[in-house]
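*Asks:* Could you have a look at this structure, given as structure tokens, before my questions?
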Amino acid sequence: MSRSVKQQDGQQGLVKRQFGHRARLALTPAQVAVLDGQAHAARTTWNLLHDWWTMLPRAKRTLAAADTVIRQGRAELDWLGVLPAQSAQAVLKTYFRAWKNCWEGRTGAPEFKARIRTKLSVDIPQGRDLHVVRVHRRWGMVTIPKLGRVRFRWTKDLPVGRGADKNNRITGARLVKDALGWHIAFRVQALAKAPAEHPGPEVGIDAGVTIPLALSDGERAEHDPWLSKKEEARLLSFEQRAARRKEHRKKGERTSRRLHRTYDQIARIRATAKRRREDWQHKTTTAIAHTYGTVAVEALPITNMTKSAKGTIEQPGKNVAQKAGLNRSILGEAWGHTVQLLAYKLAQRGGLLAEVPAPGTSQECSKCHTVTPGSRRNQAEFVCNNPACGWEGNADHNAARTVLHRYRTGHALVPAAGRAVVRRAGHGVKPATAR
């Protein structure tokens, strides 16, 4: 996945883009073991630094003192020395930045990184150490410190060779391990012309489960299930096996290797589904951002929408299993991630993204804009019960038209700063106005 942060260059009318590109590494088992060791060394460095930092008086907590401690630790402990020096410095900078974000109220305090729950990663902060080259159409080569030359899947043009300069270059990378193996995420800086305002039409989008994305002009974006029937059966089998093995484990007993292996099999199948979902999201949002100049979406409170219906002992919930299935379907669509992708892709093309209030969009008639009881007949049918209207159509299409109407009538959300949630390329946040 790639993201972009744009910054206007006033002299040349150019835009400096900073984005990421993730690619799969082709490693041998020996190379995997080396990277695993580096990642665990980075995790342990974080934990030791965290213990040292929290035990010291505040007056002695400085970046220079922490740097001295890390250098001393790498010199005295061989198993910490497997981590490259630049990567160890990156751990320190990330830890210090985490405390700074905590002090400024943006996040909580840094915590201990457990061996099992922590995602393994190694930072390569200097782009000049990577020596990226393209071998042929499908593969490229990159140098990883203390590992050597490694192949990676070439799926996106990167500024290498003659195409690289001070404005177009790879500034660094991060190695990340997930259930499907090790990947490299490049940090890329590029300079491009500032996009002109997108000439495309306006459109409203309604996100749903039956129809993932319904557009106000009658179009819709759909996808097949993320997993095939066979893969779903395998996932269910692994989950049942894990439940049985966990049930026989005594309290306080360490997790067996068999159970860990089952957990890994479950994680690989779920990671496959996630990758297919993100692939569909990227392709769909790219097509929408290319076609439309203004996109209005609902500001959905996904956290509230996916709360459990279990209730309490005194007041047990109703239809708990059905609500749990709905919650899984909502979370499986990842609506928030789709909106994030739309935001930066529209900005790259000079488009605009607006968020409007979500309550009532599925009950309001998109023609007369009244809410009458029983108009939403079922999941797919909407019939306005207003005698003066009587409009009929698809329920998701009706909601998308309502979303667009709310944007056009100036109902884009306004946060505390007094400016609407409307984003356009090169202009930051733009006030909402009726069109």
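*Asks:* Out of all the residues in the stretch 27-35, is one or more within 30 Å of Gln340 (Cβ to Cβ), touching a Lys or Arg at 6+ places or on another chain (Cβ under 9 Å), at pLDDT below 90 and among the hydrophobic types (A, V, I, L, M, F, W, C)?
*Replies:* Taking every residue of the stretch 27-35 in turn, none turns out to be within 30 Å of Gln340 (Cβ to Cβ), touching a Lys or Arg at 6+ places or on another chain (Cβ under 9 Å), at pLDDT below 90 and among the hydrophobic types (A, V, I, L, M, F, W, C).
*Asks:* Restricting the search to the stretch 169-222, which residues are of a type in the set (Val, Ile, Thr) and touching a strand residue (DSSP E or B) at 6+ places or on another chain (Cβ under 8 Å)?
*Replies:* Ile170, Thr171, Val176, Ile184, Val188, Val203, Ile205, Ile211
*Asks:* For the stretch 12-69, which positions are of a type outside the set (D, E, K, R) and in contact with a His (Cβ under 8 Å, 6 or more places away or on another chain)?
*Replies:* The answer is Ala23, Leu25.
*Asks:* With the structure loaded, tell me whether Ala221 is surrounded by 14 or more Cβ atoms within 10 Å (Cβ to Cβ), more than 28 Å from Ala33 (Cα to Cα) and either in contact (Cβ under 8 Å) with a residue 60 or more places away in the chain or of a type in the set (Lys, Arg) (or both) or whether it fails that test. If you could, list the steps in order and put the result at the bottom.
*Replies:* Numbers: surrounded by 14 or more Cβ atoms within 10 Å (Cβ to Cβ): yes; more than 28 Å from Ala33 (Cα to Cα): yes; either in contact (Cβ under 8 Å) with a residue 60 or more places away in the chain or of a type in the set (Lys, Arg) (or both): yes.
Spelling it out, Ala221 is indeed surrounded by 14 or more Cβ atoms within 10 Å (Cβ to Cβ), more than 28 Å from Ala33 (Cα to Cα) and either in contact (Cβ under 8 Å) with a residue 60 or more places away in the chain or of a type in the set (Lys, Arg) (or both).
Residue-by-condition table, conditions (1) under 22 Å from Asp129 (Cβ atoms); (2) more than 31 Å from the chain's Cα centre (by Cα):
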{"position": "Trp52", "(1), (2)": "no, yes"}
{"position": "Arg58", "(1), (2)": "no, yes"}
{"position": "Thr62", "(1), (2)": "no, yes"}
{"position": "Val69", "(1), (2)": "no, yes"}
{"position": "Val82", "(1), (2)": "yes, no"}
{"position": "Ala85", "(1), (2)": "yes, no"}
{"position": "Lys93", "(1), (2)": "yes, no"}
{"position": "Trp99", "(1), (2)": "no, no"}
{"position": "Cys102", "(1), (2)": "no, no"}
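Conditions (1) part of a helix (DSSP H, G or I); (2) under 19 Å from Gly208 (Cα atoms), marked per residue:
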residue: Ser362; (1), (2): no, yes
residue: Ser366; (1), (2): no, yes
residue: His369; (1), (2): no, no
residue: Gly374; (1), (2): no, no
residue: Pro387; (1), (2): no, no
residue: Asp396; (1), (2): yes, yes
residue: Ala400; (1), (2): yes, yes
residue: Val403; (1), (2): yes, yes
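*Asks:* Taking only the stretch 146-177 into account, find how many residues are touching a residue at least 60 places away in the same chain (Cβ under 8 Å) and either surrounded by 17 or more Cβ atoms within 10 Å (Cβ to Cβ) or in contact with a Phe, Trp or Tyr (Cβ under 8 Å, 6 or more places away or on another chain) (or both).
*Replies:* 10
*Asks:* Also, I was wondering about something else. Take the conditions of a type in the set (A, V, I, L, M), closer than 21 Å to Glu222 by Cβ and either out of contact with any Lys or Arg (no Cβ under 9 Å at 6 or more places or on another chain) or modelled with pLDDT of 90 or more (or both) and apply them to Leu413. Does it pass?
*Replies:* Answer is no for this residue.
*Asks:* Ala243 versus (1) exposed (fewer than 15 other Cβ atoms within 10 Å of the Cβ); (2) at pLDDT 90 or above; (3) under 18 Å from Arg328 (Cα atoms): which is the lone unmet condition?
*Replies:* With respect to (1) exposed (fewer than 15 other Cβ atoms within 10 Å of the Cβ); (2) at pLDDT 90 or above; (3) under 18 Å from Arg328 (Cα atoms), Ala243 is out only on (3).
*Asks:* Tally time: how many residues in the stretch 348-358 are over 13 Å from Ala400 (Cα atoms) and either at pLDDT below 80 or assigned to a loop (DSSP other than H, G, I, E, B) (or both)?
*Replies:* Within the stretch 348-358, residues that are over 13 Å from Ala400 (Cα atoms) and either at pLDDT below 80 or assigned to a loop (DSSP other than H, G, I, E, B) (or both) number 3.
Quick grid of which residues meet (1) surrounded by fewer than 21 Cβ atoms within 10 Å (Cβ to Cβ); (2) over 23 Å from Glu222 (Cα atoms); (3) touching a residue at least 24 places away in the same chain (Cβ under 8 Å); (4) not assigned by TED's automatic domain parsing to the domain that holds Leu413:
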{"residue": "Ala354", "(1), (2), (3), (4)": "no, no, yes, no"}
{"residue": "Lys367", "(1), (2), (3), (4)": "yes, yes, yes, no"}
{"residue": "Thr370", "(1), (2), (3), (4)": "yes, yes, no, no"}
{"residue": "Ala380", "(1), (2), (3), (4)": "yes, no, yes, no"}
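*Asks:* Only one of Arg162, Arg128, Arg151, Arg106 is in the same structural domain as Ala41 (by TED's automatic domain parsing), assigned to a loop (DSSP other than H, G, I, E, B) and either of a type outside the set (A, V, I, L, M) or under 21 Å from Leu83 (Cα atoms) (or both). Can you tell me which?
*Replies:* Arg106
*Asks:* Just wondering, is there one or more residues in the stretch 284-295 that are more than 30 Å from Gly393 (Cα to Cα) and either assigned to a helix (DSSP H, G or I) or out of contact with any strand residue (DSSP E or B) (no Cβ under 8 Å at 6 or more places or on another chain) (or both)?
*Replies:* no
The values are calculated or read from the model by the stated rules, or taken from the named source; none is laboratory data. Keep in mind it's a predicted model, so treat the numbers as computed, not measured. Note that we place each Cβ from the backbone using ideal geometry, even for glycine, and neighbour counts take in every protein chain shown.
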